[in-house]
1. Is segment 27-41 home to any residue that is of a type in the set (Phe, Trp, Tyr) and more than 30 Å from Glu134 (Cβ to Cβ)?
2. Can you confirm whether segment 115-126 contains a residue that is among the aliphatic types (A, V, I, L, M), modelled with pLDDT of 85 or more and in a loop (DSSP other than H, G, I, E, B)?
3. So which residues in segment 53-82 are within 31 Å of the chain's Cα centre (by Cα) and open to solvent by 90 Å² or more (accessible area, probe 1.4 Å), if there are any at all?
4. I'd like the residue in segment 31-49 that is open to solvent by 40 Å² or more (accessible area, probe 1.4 Å) and within 29 Å of the chain's Cα centre (by Cα) and, out of all such residues, is nearest to Ala10 (Cα to Cα).
5. Kindly evaluate Gln122 against the criterion of being out of contact with any Asp or Glu (no Cβ under 9 Å at 6 or more places or on another chain) and more than 30 Å from Gly52 (Cβ to Cβ).
6. In the list Val27, Val47, Val20, which residue meets the criterion of being in a helix (DSSP H, G or I) and at negative phi?
Amino acid sequence: MGRPNRATRAAITQRRADAVDLKIAGVDWLTIGRKLAADPSINSDGVAYPQGYGIDKYKRGQEPPDDKRLIELACKDVSKALTERAAALDESTDELRRLMLARLEKLFFPMYRQAVRNGDYQATDRAVRIIEREVHLLGLNRPVRTELSGPDGLPVQVQSSSMDELERLIALAGGAPADRGED
C-alpha cells in the first residue's frame, strides 16, 4: 500500500479528530471504534465511514474488524491525533517564544543605551529585568539544588517501625490509634 493521497489523508485526519472529540465527550473505546468503522454492518450509524476502521477489508468484501481490533484502532487514532496536536502546539509555542524574544530585544536596547551612556539607574534596573525575562523565556536558569539534612548537617536518619510502635507514638501525640479491623 503506497502513501495515501491528499483526500485520503484529509479523511484520516478527520477520523482522528472525530475519535478525539468522541473520547473527550466520554464515549467508550468500542463505541468509538464502531462509530468510525468503514463497514456499515458494524458501524453504529449503519453507514460506511469514509476511511473508517477496516476500510481495506470492506473494499475487498472481507470480514470487518472484531471488537478488540476496533478498540485498538480507536486508541491508536486518539494517541496519534493527540501527539500531532502536541507537536503543533509546540511549534506555535516556539513561534510565540521567538516573537516575545524579539519584543524584549526591542525594549532592551534603548534601556541599555540609557543605562550605559547616562548612568541612569532606572534604565539599568529595566535592562536587568528585561534580561531576566529573556533568561526565563529561554529556560536558561539552572535549577536550584536543594538538600535535606538532619541535625548538624548530617544525613537524615530513616528507620522503620512496627505497627505497635506507630500506635504508641500516636497515643503519645494525643491521637487515638486507628482500628486495624482485626478481631
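The values are calculated or read from the model by the stated rules, or taken from the named source; none is laboratory data. Here the structure is a predicted model, which is why all the values come from computation and not from measurement. Virtual Cβ from ideal backbone geometry, glycine too; neighbours counted across all protein chains shown. Accessible surface is based on the protein model in full, side chains and every heavy atom, while ligands, DNA and RNA are left aside. Shrake-Rupley method; radii C 1.70, N 1.55, O 1.52, S 1.80 Å.
1. yes
2. No, there is no match, as no residue in segment 115-126 is among the aliphatic types (A, V, I, L, M), modelled with pLDDT of 85 or more and in a loop (DSSP other than H, G, I, E, B).
3. Listed by number, the residues that qualify are Asp66, Lys68, Arg69, Lys76.
4. It comes out as Lys35.
5. yes
6. Val20
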